[in-house]
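The values are calculated or read from the model by the stated rules, or taken from the named source; none is laboratory data. What you see is a predicted model, and the numbers here were worked out from it, not measured in a lab. Here Cβ is always computed from backbone atoms with ideal geometry, including for glycine, and neighbour counts include all displayed protein chains. These area figures cover heavy atoms from the full protein model, side chains too; ligands, DNA and RNA do not enter into them. Shrake-Rupley method; radii C 1.70, N 1.55, O 1.52, S 1.80 Å.
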Amino acid sequence: MALKYFQKEKECMPNEALRKLQGERLVENFRHVYENVAYYRKRCEEAGVSPDDIHGLEDLDKIPFTCKDDLRQTYPYGLFAVPMSEVVRIHASSGTTGKQIVVGYTKEDLDIWDECTARQLVAVGADENDIVQVAYGYGLFTGGFGLHGGATKLGAQVIPISSGNTKRQITFMQDLRSTVLACTPSYAAYLGETLHDMGLSPADICLKAGIFGAEPWTEEMRRDIEKSLGIKAYDIYGLTEVMGPGVAYECAEQKGMHVNEDHFIIETIDPDTGKRIPDGEKGELVFTAITKKAFPLMRFRTKDIGVLNRAPCPCGRTFVRMSKPMGRTDDMLIIRGVNVFPSQIEGVLLQNGYPANYQIIVGRVNNTDTFEIKVEMVPEKFSDVIAEINKQEKALEAALLTVLQIKAKVTLVAPKSIARSEGKAKRVIDTRKLHD
């Protein structure tokens with residue numbers, strides 16, 4: 001019989017015991033950071049807080065936030081809380097501006113990370129008999145090693161294929177009989193597309209589940225992937241600064257991601273004021289690492305927008321669930337004064353039968369923002385009749401206007417003409433930034 005939990009006594013811990021454990025670990029790890037990270041100790045002194053002021057979860061608000069700017073200012077090792085002789089691995093973010101964010105792990109940190117991703121694998125129905133094809137990138141990016149470690153901890157067979165060489169990926173799925181796929185959702189969609197182009201169907205492979213993260217994706221995209229690959233598609237959440245994939249994971253209910261609360265405290269705040277907001281309300285997600293030793297961030301502002309749900313989950317896990325990120329405070333586009341999230345656009349496209357391959361182009365002409373969305377036509381809707389294309393464009397513009405409350409120019413382009421991505425998809429081209 002398949003496992004239901006990897007560590008039942010932890011994943012199903014009674015709430016009172018979990019809160020007590022979190023409080024104890026918060027007190028211990030805050031002291032660890034305060035005593036070993038000079039930069040953060042100075043921040044705490046400026047805020048008038050010391051370890052003697054932190055007695056449990058009720059004192060969380062007293063602890064200063066950390067953000068990406070702090071990580072950049074302390075590059076590369078200024079926030080490490082252990083001697084470098086205890087650091088056994090380095091990872092780094094794929095930051096697009098300035099220097100990369102460098103993080104470190106002790107051996108114990110890696111063991112915890114492996115446990116967290118093993119929990120995700122079991123939650124999607126995997127056990128030691130499964131074959132996990134890890135098509136996340138390996139290297140400084142945390143994706144490949146994160147899922148690899150969890151699969152190894154579980155005792156499953158791992159295919160560390162990394163990303164790229166898409167036809168070979170599918171050949172391996174067939175020949176090696178992979179049962180679980182791990183990659184970005186945009187690459188999973190591309191794999192499904194390529195499977196079809198190769199004249200194959202889900203019946204020709206053995207996949208049963210996929211674990212997809214590292215970029216935003218919608219429920220519509222989930223259903224498309226599930227159909228094209230013949231699987232159940234699960235979300236996983238992580239970020240380089242906090243740990244990597246496995247900070248939170250979906251169970252079979254697919255109704256939010258369980259945060260590994262024995263290792264992380266999550267809260268939601270108003271991104272403008274920094275004040276905590278109640279569970280169930282949309283806010284910026286903030287994480288505190290309470291067991292990591294090499295790089296334990298306190299109250300790290302993720303800039304991801306989400307909602308927390310503490311209602312009991314039918315799966316039996318007691319960890320709080322977080323929604324899929326609903327956008328970011330920093331990738332939100334403000335176009336003619338209106339807030340626009342790429343995920344909103346993707347949802348409209350998928351609802352109207354278009355693929356999740358699109359490009360948002362924002363510019364500025366005569367001090368007025370321009371807003372164009374290039375969208376691939378699907379083969380069955382493809383037309384070379386100008387009038388028919390214009391009709392489809394106008395219909396899509398109307399659908400987008402309803403959701404976005406701002407008019408976008410839609411340009412339909414030929415199927416497969418927008419460049420595919422084997423990593424994180426680049427959706428937005430904002431030329432206004434060139435003139436800032």
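Tabulated data for the structure shown
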{"item": "Accessible surface, 1.4 Å probe, highest first, among residues PHE319, PHE382", "result": "PHE382, PHE319"}
{"item": "Residue-level accessible surface for SER163, protein heavy atoms, 1.4 Å, Å²", "result": "50 Å²"}
{"item": "If the convex hull is drawn through the Cα atoms of region 6-145, its volume per residue in Å³", "result": "144 Å³"}
{"item": "For region 152-226 and region 228-249, distance of Cα centres in Å", "result": "14 Å"}
{"item": "Accessible area expressed per residue, region 1-85, with surrounding protein chains retained (probe 1.4 Å, Å²)", "result": "57 Å²"}
{"item": "Carbon/sulfur fraction of accessible area - the chain, other protein chains in place, 1.4 Å, %", "result": "52 percent"}
{"item": "Solvent-accessible heavy-atom area per residue, rounded to whole Å², over region 151-303 at 1.4 Å", "result": "34 Å²"}
{"item": "Anisotropy class of the chain from Cα gyration tensor, a/c 1.5 cut", "result": "oblate"}
{"item": "Residue with peak Gaussian network fluctuation, the chain [Cα springs, cutoff 10 Å], from ARG119, ARG317, ARG336", "result": "ARG336"}
{"item": "Furthest towards positive pole of dipole, TYR40, THR431, GLN7, structure part the chain, Cβ charges", "result": "THR431"}
{"item": "Largest to smallest accessible area among HIS55, HIS263 [probe 1.4 Å]", "result": "HIS55, HIS263"}
{"item": "Exposure rank, largest accessible area first [TYR5, TYR187, TYR77, TYR39; 1.4 Å]", "result": "TYR77, TYR39, TYR5, TYR187"}
{"item": "Rounded accessible area of HIS196 (nearest 10 Å², 1.4 Å probe)", "result": "130 Å²"}
{"item": "Cα centroid of region 264-323 to Cα centroid of region 1-72, whole Å", "result": "12 Å"}
{"item": "DSSP H segments from the chain that extend 30 Å or more along their own axis, Cα-based, with Kyte-Doolittle mean of 1.0 or above", "result": "none"}
{"item": "Test item: Cα-centred dipole of the chain, Lys/Arg +1 and Asp/Glu -1 on Cβ, debye", "result": "640 debye"}
{"item": "LYS394 accessible area, 1.4 Å probe, all protein chains in place, Å² to nearest 10", "result": "130 Å²"}
{"item": "Within a Gaussian network of the chain (alpha carbon springs, distance under 10 Å), most fluctuating of ASP127, ASP272, ASP114", "result": "ASP272"}
